[in-house]
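The values are calculated or read from the model by the stated rules, or taken from the named source; none is laboratory data. None of these values were measured; they are calculated from a predicted model. Don't worry about glycine lacking a Cβ; one is built from the backbone with ideal geometry, like all the others, and counts go over all protein chains shown. Protein only, heavy atoms only, side chains kept; ligands, DNA and RNA dropped before computing areas. Shrake-Rupley method; radii C 1.70, N 1.55, O 1.52, S 1.80 Å.
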Amino acid sequence: MAPMALRPVQDGDLPLFFGWMSDPEATRVAAFTPKDPTDRAAFDAHWARIRAGSSGVVMRTVVADGVVVGHVGAYGDVGDRQVTYWIGRAHWGRGLATAALLAFLDETPTRPLHARAAADNLGSRRVLEKCGFVVTGTDRGFAQARDEEIDEVLVTLRA
């Protein structure tokens, strides 16, 4: 696997993030996306709030071999912190999501941490499992990217 590092999100990362969020195949796999992932104004407003730090969201850019390949972070209140990650589709299958999440977990001592994944998103479920998350439940939620309710898996990483 390529050398991987996390760093703060920079202005130049955002066009890449937007491109990945606008990828129909990637959003279908991820399932839980904004209502319109191609709405650049909404995307910019969302990232402006994240980068202002007032919402409690912590995000990092994932860099592999000097190339920005994704982002990883956490949001929510203590006791209900959720992790999130996105790797650009061109970089799937290289172990980068697992490496990025493990690195983020090393720098984020807060536990428990939670995550959700579409039940049929086996790649994301495997990443979470390899990072020590265990299934704690199931749910159904409306997936904007699929325009339907889908099954989801709830996972938790304890101390």
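Numbers for the structure displayed
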{"quantity": "Residue pairs meeting the criteria (Cβ under 7 Å; at least 6 apart or on separate chains; first in contact (Cβ under 8 Å) with a residue 12 or more places away in the chain, in region 12-24; second open to solvent by less than 40 Å² (accessible area, probe 1.4 Å) and aromatic (F, W, Y))", "calculated": "L14/W47; F18/F43; W20/W86; M21/F43"}
{"quantity": "The listed residue being at pLDDT 95 or above, surrounded by 20 or more Cβ atoms within 10 Å (Cβ to Cβ) and over 13 Å from the mean Cα position of the chain (by Cα), out of V153, V127, V134", "calculated": "V153"}
{"quantity": "Tabulated pairs, region 76-96, first in a loop (DSSP other than H, G, I, E, B) and of a type in the set (K, R), second modelled with pLDDT under 95 and surrounded by fewer than 14 Cβ atoms within 10 Å (Cβ to Cβ), C-beta under 9 angstrom, 6+ apart or interchain", "calculated": "R94/M1"}
{"quantity": "Counted residues, region 123-159 - those being in a loop (DSSP other than H, G, I, E, B), closer than 15 Å to Y85 by Cβ and among the aliphatic types (A, V, I, L, M)", "calculated": "0"}
